[in-house]
Amino acid sequence: MNNKNYVLTTVFFLLLCTSSLFAVEIKYNFSKGAVYSYNYSRQDSSTVNAPVIGKKSNSNSQSLDFIIKSVGFRDNAFILDIGNREATYRRYISSNGDIIGSPAEDRDTFPFFFIFPDVDWNVGKTFTKTTEVSTFGKIVPVVWNFTLTGIDSTRNLADIGFEAKFKIANDDRLYSKTMTLSGKLIFNLSEGVIHQATWKSNYGAKQICKERTITRDLWSFEKQSTHILRMTGVER
Amino acid sequence: MRKYCLLICFVLLCSISYSQEIDSYDIITPLKLWLLNNEAKAMSELGCDGMIISKNSTPLSILPKIPFTEKKAEEELWTMHRKLYSFLNDTQKIYDLSKRYANGKFAVAIKQARPEVWGYSPFVFTGFGLPKIISTETRKNFLKSLAVVIGLDIKRDADLSARLRELIRSLKDEEYRFLREYMSMFKALYPSEKSVAQLEAFLNQGPKKPFGNGLSEVVDAVKDAFSESESELDTSEDSLEELDSLADSETETKQKEVEQMEAPDPDAANMYDIW
């Protein structure tokens, strides 16, 4: 009886240790005065498919180097100067990634930014966030899923996978479309910054013509964008 | 009240009969409207969806605002469409010319029309040679003005079949096949719409068989008028110049200002001339 209790206690203790080993808190921790250099590159390709002329494709890639200068920390927010020689914006970002303030920018024009959970994150656990995008009177709900896929304890890196599901109402029978976005982010736990991120968006649309019982395929469009963000250096 | 209702009905009936009259030779509008409508729909959907993607494509708050430009493959398709719209407009012009003025009746009407008679009748008893000079000049000016009004170019429109052949040749093979595909698609979708069948038949038969022979008589008459007065064109005052001279000085100065302005690029005008 005593042995059984002993075994159960040991198992419980081991489980507790294991779960704490595979649970981390993802949060930014910019060092005051440090300058983080990044390279952001984006590759866009689009294809249109029409009868007779077949597929016509177009692609282009662009790259941008920028820096994040950590000015300080005040009122639970990091004061960051983000930009390059051409333009620099000051942003007040909390440790979970939420923008508290940005004096020179219009918040309404901001894209969606994801925020890390404020609690310990277990490997395999998924956080869900639903947002809405409004364009020309259309409201499209977007469901974001973030999953901590793994922790590299030797290099102190956390792998986060994310994907966005766009709930597009295909109410128009003449136009069907799909939209997906998925990616991966490597977070440097010891530095408290994003080390690398890669994500890809796919868009496909097909337009048909329908009159009574006759249906004809008209055009189809495909768009792909691949984004890569890499940290290139830190100066303290 | 009843009078007003009757008047409105009368006006509506008149407008319907008038619109039927002016559109009786239209063979391109249904196809063009169908294509434009689909194009507008695609542009609208792509624009909306592009905004949704761009609002979600940079989800990290540490990324700066990035003014990236995107080259869109569909632009190539729209450019090709603009070329097709321009082609259809020119085809309609040829068809219009052949239907309206090349049916023989118009040539007969031109031969019968004698505006010079009315021009010299007041001077019949005034002198010996004056009526003849006036009548010749009036006839020439009448034919020249007529050519301008109906949009007749004596060099270009002498052979409408050749003009159509040249127009088809201006499209690349792929572009022409693309248009044919749209036409067959339209025909399948709207079998009761006969205008596209007419357009297809015109494009098939027009370059092969000479048409618009009735117009050649008009062209010959106008050509004669032009060739006779070609040497005099710079010195003699034609009827249009006379009309211009009657305009007040203010209009003249304004006209000069307009003439001094840079002429628009004819190709650019063509590109947007889709109606």
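The values are calculated or read from the model by the stated rules, or taken from the named source; none is laboratory data. From a predicted model like this one, the values you see are computed outputs, not experimental measurements. Every residue, glycine as well, gets a Cβ built from its backbone with ideal geometry; the counts of neighbours run over all protein chains shown. Surface areas here come from the heavy atoms of the whole protein model, side chains and all, with no ligands, DNA or RNA. Shrake-Rupley method; radii C 1.70, N 1.55, O 1.52, S 1.80 Å.
Interface area, chains B and A: about 5500 Å² of buried accessible surface, summed, with a 1.4 Å probe and ligands, DNA and RNA left out. Quick one: check the C-alpha center-to-center distance for the stretch B:171-219 versus the stretch A:55-115, whole angstrom. Going from one Cα centre to the other spans 57 Å.
Accessible area ranking (1.4 Å probe, heavy atoms, ligands and nucleic acids excluded), largest first, for B:M183, A:M231: A:M231, B:M183. The lysines whose alpha-carbon is closer than 18 Å to the alpha-carbon of B:K223, local same-chain residues fewer than 8 away aside, are B:K111, B:K140, B:K144, B:K155. Solvent-accessible area per residue in the stretch A:139-236 equals 49 Å², computed with a 1.4 angstrom probe and all protein chains kept. Ranked from largest to smallest solvent-accessible area, with a 1.4 Å probe on the protein heavy atoms, A:E105, B:E217, A:E211, A:E235 come out as A:E235, B:E217, A:E211, A:E105. Per atom type, chain A shows carbon and sulfur on 50% of its accessible surface, probed at 1.4 Å. I need to check one value: relative contact order of chain A, counting alpha carbon pairs closer than 8 Å and at least 6 residues apart, in percent. Reported as a whole number, the value is 20 percent. According to the square roots a ≥ b ≥ c of the eigenvalues of the Cα gyration tensor, what is the shape class of chain A, taking rounded for a/c under 1.5, prolate for a/b larger than b/c otherwise, and oblate for the remainder? The shape class here is oblate.
Partners of B:K71 within straight-line reach, counting lysines whose Cα lies under 22 Å from its Cα and excluding those fewer than 8 residues away in the same chain: A:K55, A:K56, A:K177, A:K200, A:K206, A:K223, B:K41, B:K55, B:K83. Within the stretch A:171-206, the trypsin sites (Lys or Arg not before Pro) that combine a DSSP coil assignment with at most 16 other C-beta atoms in a 10 angstrom radius are A:R173. Shown are A:E191, B:E75, whose ranking by accessible area with a 1.4 Å probe and every protein chain present, most to least, is B:E75, A:E191. Amide H contacts for A:V71 (H built 1.01 Å from N in the peptide plane; partners 5 or more residues away or on another chain; cut-off under 5 Å): A:G33, A:I79, A:L80, A:D81.
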